[in-house]
Every structure is written in C-alpha cells, then in structure tokens.
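Quick one: structure below, then a few questions.
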Amino acid sequence: MRTLIKHVLASTEPKEALAIKGWVRTRRDSKGFSFLELNDGSCLANLQIVVDATTPGFENPATLTTGASAAVEGNLVASPASGQKWELRATHIELVGAVDPTYPLQKKGHTPEFLRTIAHLRPRSNLFGTIFRLRSRLAYAVHQFFQDRDFVYVHTPIITASDCEGAGEMFRVTALKGNIDEKPQTDFFGKRTYLTVSGQLEGETFACALSNIYTFGPTFRAENSNTTRHAAEFWMIEPEMAFCDLQGDMDLGEEFIKAMARYAQEHCTEDLSLFAKFVDKDLPERLKFVIERPFVRVPYTDAVKILCGSGRKFEFPVKYGLNLQSEHERFLTEEHFKSPVTVFNYPREIKPFYMRLNDDHKTVAAMDMLVPGIGEVVGGAQREERLDQLLENMRSHKLNPEDYSWYLDLRRFGTVPHAGFGLGFERLLMFLTGVSNIRDVIPFARTPGNADF
Ligand code: 4AD
Ligand code: MG
C-alpha cells in the first residue's frame, strides 16, 4: 500500500518497507549515491530519498529528473542531514512517467504571473500547492461552521431566469443558433435563461421552510471589470435565516469571518507561515486582529461623512446616493478605522429590489463587510417581507412581478422577517493568505478574455 509523504514525515519511529509515489523535485548525485527530493502534493515538504548505484530500478538515473514521476520502496531512517528528521533509503525505485526537456517548472522560484500561464502545472509549485490545499481545508471549514449551527445546505440552480442583483451582468444560456433574441420562447427552456449571479432568491424559499440554510456554489458575473478582485466565475457562500433581522445578519457575518480566520490559524499553521514569509509579512498580525477585535459598524450616511471630511483626493466622487467604490471601502477599513468595518443602511436607489425598506423610507436594511487589503467580502441584507412594499420596490426597479410570482408567494403564505448575505469564497481566501490577485486563489480563473484550460 502506498503511503502519503505527509504521513511518512509525521512518523515517530523508523519504518521498514514503505512504498511511496510522487514527482521528483530535484536530484543531486554524489559519489555512489543520489539524493532525490520527492513530493506527492500531500504536504509542502519533500521526502528525501537516498538511492545508491546498485538499487534495483536505478539503472538509468538520468531519467529521474525534475518533474518525472517515480515509485519508491524503502526503509525510513533518521536523517543525518540537518533540517529534516527522516530520509528513505530506497530498496527499489521505478520511473513511472518520464519528463521531456521542455518541463517549465524549475527549482528556482517562478513569479505568479508566469505560473498563471501554466495553470495546469502550477499546483506542483510550493506556493500554489499550499494555496489549493488551504482552499480545500477552508471549504470544509465553511460546511463545518454551518452544519454545526444546524444550517441546511441547499443546492440552488446554476441556470436561472431571474437576475437577482438586477445589475444585468449575466451570461446568457441558450441552445438557439443565429438571432437568439428573435424567439426566446422557442429556446430550450421556453424563455431567456442565464448563469446565476446569486442563489439568494431560491435560497430564500428554502429558508422560509427550513429556517436556516446556506448555499455554497459557483456564481457567474459578466461584469467587464478586469481587476484583481473580480472573476467571471467565482464561488459564493450564501446563508439565509428566517425570523432574522439585519442585526442578526451582521452578527452571523462577523462570527463567520472570525471563525474562518481562527480555523486557518489553528489548522493551516504551516501554510500560513509560508504566506507570511513569501506573500504578506503582515498576515499573522492581521488575522490575530480580526479574530480578537469586534468589527466597527457604521451607517452608510456616516461613512460618506467620514470620506467627505477626510481631505483625501479620491478618483471617484463621494456623495450621499452614490455607491462606495473600492478605494473608499479600503480607505475606511485600512486607514480610517484600521479594522474590519460593516457599513449598513444604504440608500434604496443603489441597492437591489429585495432589500427591506427602513422606516426612514430612504434607506434599506443592507450591509457590506469590508476588510483590509480587499474591501468588500460580504454583501447582505434583511429582505423585504411585506408583499405591498416588495411590489412597490419591483415597480421602482422596473421589474415585472409576473416573472417573480413564486418569490412573491413567500410573502403571501406565512411571510416572516428574514435576512442573509453572500460571501465571495475567493475574496475570503485572498484575505486569509495575503495573495493579492483573485486569479491565484482559484484553480482555473475565468476573467474577461481568458477561459484557458
Ligand atoms: O454583494 P453581492 O453582489 O451580493 C449578492 O449577490 C447577494 N445576492 C448576496 C446575498 O445577500 N445572498 O455579492 C456577494 C459577494 C461580494 O461581497 C463579493 O465578496 C463576492 O460576492 N463577489 C465577487 N467575487 C469575485 N468576483 C466577482 N466578480 C464578485 N462579485 C461579487
Ligand atoms: Mg455587493
């Protein structure tokens, strides 16, 4: 049976007849011996293999070069070399797959930009292997967080006919050829359909039956913003809670972000130290800060006043009734408050139709959570549960109530106050690793002009 290198390295005593497999990172030849560094992706560290000239299978050492795959049997012994506890003395070695001389990954560090052009091979690099192992652990932590609190995981559809956010940033899904707008009723689904921008509306139907739910799945936006924080395909986590108001929503968002930071700190210690060393030296401090300190909460109106009074020249204007831009969000969290910030109660005109109108009739019960280095990681709201008000919101957003009859039914049949939010999984990972480009925390990035691999 093959043993993963992670488990081999965690051994507490020498072991005989171990079988391992992996890819050669380096080979160093000395008199009568060769040293191979083998990595199988189960952890950051390599296992040093000592092979001597007489080891069966080692007749052609030149084939066992960087990138080649190999199977080794041998005995685990304490390593005399410094910096490693164990090494494997090979009793048998076999080349599994040879590598040709064009293999682009070398021992020297490559830039993330270069590695993006070989996204099929970059998980073999130290940095990206670590990022994607952490991504997997965090996905598990997301489920654990909600399952521990009795939230039900709901799979919402990827193909949908409704534009939840009303921003028109949707990818069309069609089986028609030629002019796809001529007769949408003859299309596969009998209407215009799109890739979902959010599972929220469908999530609400389940919350209004099962109380607390969450979704966690791929989300698509055709916004043409070629920034380091936007992807056309990303993963979103969307909890929705029945009998919950904006306060409870903000509490859950804060608890969730803190829990994810704590999980990374406790369970991904080795990974975080790699990020702190090579990516962002302030990372440990930032995580500690987020875990220990309460988030600042500030109404949108006050946030605008702070920005206007800051004396700072921004590229985009700041004025009541305008959206906060990333530069404004980052000023609030990184410079003014020096803390994660939750901005709430936004003007109704700049937010989607489903948000609950506040008693001032000017603002809605919306909230965005901003963190240093990224800006917005969470967008959420208390939902409009009053049928008449929701109908009015739809009219003012120029939506046809007939298209949302099922959504309106929730307000007809036992309506309840409810609230939820969406958190971009990649933005969370950027925050937890210090990696500054969203393309580097998703296995195969989909961005304007790029759908390779
Ligand atoms: O603020 P957004 O647009 O909110 C919604 O979609 C709501 N329906 C969520 C809800 O209440 N259930 O998006 C939520 C989060 C953002 O805060 C951001 O973290 C992430 O999704 N996000 C993106 N991440 C990567 N690339 C993009 N293009 C993103 N757009 C939004
Ligand atoms: Mg938002």
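The values are calculated or read from the model by the stated rules, or taken from the named source; none is laboratory data. The structure presented is a predicted model; accordingly, all values stated were derived computationally and were not measured. Note that we place each Cβ from the backbone using ideal geometry, even for glycine, and neighbour counts take in every protein chain shown.
Six or more apart or on different chains, Cβ atoms under 8 Å: show the pairs whose first residue is in region 407-427 and within 15 Å of Leu210 (Cα to Cα) and whose second is within 16 Å of ligand 2 (Cβ to nearest atom) and of a type in the set (S, T, N, Q).
Pro417/Gln382; His418/Gln382; Ala419/Gln382; Gly420/Gln200
Also, I was wondering about something else. So for region 226-233 (the condition being assigned to a strand (DSSP E or B) and either near ligand 1 (Cβ under 10 Å from one of its atoms) or at pLDDT 95 or above (or both)), does at least one residue qualify?
Checked against the condition, which is being assigned to a strand (DSSP E or B) and either near ligand 1 (Cβ under 10 Å from one of its atoms) or at pLDDT 95 or above (or both), region 226-233 yields at least one hit.
Tell me which of these Val298 doesn't satisfy, since it passes every other one: (1) of a type in the set (Val, Ile, Thr); (2) in a strand (DSSP E or B); (3) within 16 Å of ligand 1 (Cβ to nearest atom).
Here Val298 clears every test but (3).
For (1) under 30 Å from Arg135 (Cα atoms); (2) in contact with a helix residue (DSSP H, G or I) (Cβ under 8 Å, 6 or more places away or on another chain), each residue gets a yes or a no:
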site: Glu37; (1), (2): yes, no
site: Asp40; (1), (2): yes, yes
site: Ile49; (1), (2): yes, no
site: Asn60; (1), (2): no, no
site: Ala68; (1), (2): yes, no
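For region 303-350, give me the residue count where each residue is assigned to a helix (DSSP H, G or I) and either among the aliphatic types (A, V, I, L, M) or out of contact with any strand residue (DSSP E or B) (no Cβ under 8 Å at 6 or more places or on another chain) (or both).
15
Still on this model: State the number of residues belonging to region 186-224 that are outside any strand (DSSP E or B) and touching a residue at least 24 places away in the same chain (Cβ under 8 Å).
Of the residues in region 186-224, 22 are outside any strand (DSSP E or B) and touching a residue at least 24 places away in the same chain (Cβ under 8 Å).
In region 145-167, what residues are assigned to a loop (DSSP other than H, G, I, E, B) and away from ligand 1 (no atom under 14 Å from the Cβ)?
Pass one, region 145-167, residues assigned to a loop (DSSP other than H, G, I, E, B): 149-151, 154-158, 161-167.
If the condition is that a residue be assigned to a loop (DSSP other than H, G, I, E, B) and away from ligand 1 (no atom under 14 Å from the Cβ), then Arg149, Asp150, His155, Pro157, Ile158, Ala161 are the ones that fit.
Suppose the filter is touching a strand residue (DSSP E or B) at 6+ places or on another chain (Cβ under 8 Å), within 16 Å of ligand 2 (Cβ to nearest atom) and within 21 Å of Glu385 (Cβ to Cβ); does Tyr300 pass it?
In short, no.
Listed here are the residues, each with its yes/no results for (1) at pLDDT below 95; (2) away from ligand 1 (no atom under 13 Å from the Cβ); (3) assigned to a strand (DSSP E or B); (4) buried (at least 23 other Cβ atoms within 10 Å of the Cβ).
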{"site": "Leu370", "(1), (2), (3), (4)": "no, no, yes, yes"}
{"site": "Val378", "(1), (2), (3), (4)": "no, no, yes, yes"}
{"site": "Leu391", "(1), (2), (3), (4)": "no, yes, no, no"}
{"site": "Phe421", "(1), (2), (3), (4)": "no, no, yes, yes"}
{"site": "Arg439", "(1), (2), (3), (4)": "no, no, no, no"}
{"site": "Asp452", "(1), (2), (3), (4)": "yes, yes, no, no"}
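Another question, then. Tell me, yes or no, whether region 81-89 has at least one residue that is among the aliphatic types (A, V, I, L, M), without any contact (Cβ under 8 Å) to a residue 40 or more places away in the chain, within 21 Å of Phe58 (Cβ to Cβ) and part of a loop (DSSP other than H, G, I, E, B).
Of the residues in region 81-89, the ones among the aliphatic types (A, V, I, L, M) are 81, 88.
Adding the requirement that they be without any contact (Cβ under 8 Å) to a residue 40 or more places away in the chain leaves 81.
From what's left, within 21 Å of Phe58 (Cβ to Cβ): 81.
Next, from what is left, pick out any that are part of a loop (DSSP other than H, G, I, E, B): 81.
Yes: region 81-89 contains one or more residues that are among the aliphatic types (A, V, I, L, M), without any contact (Cβ under 8 Å) to a residue 40 or more places away in the chain, within 21 Å of Phe58 (Cβ to Cβ) and part of a loop (DSSP other than H, G, I, E, B).
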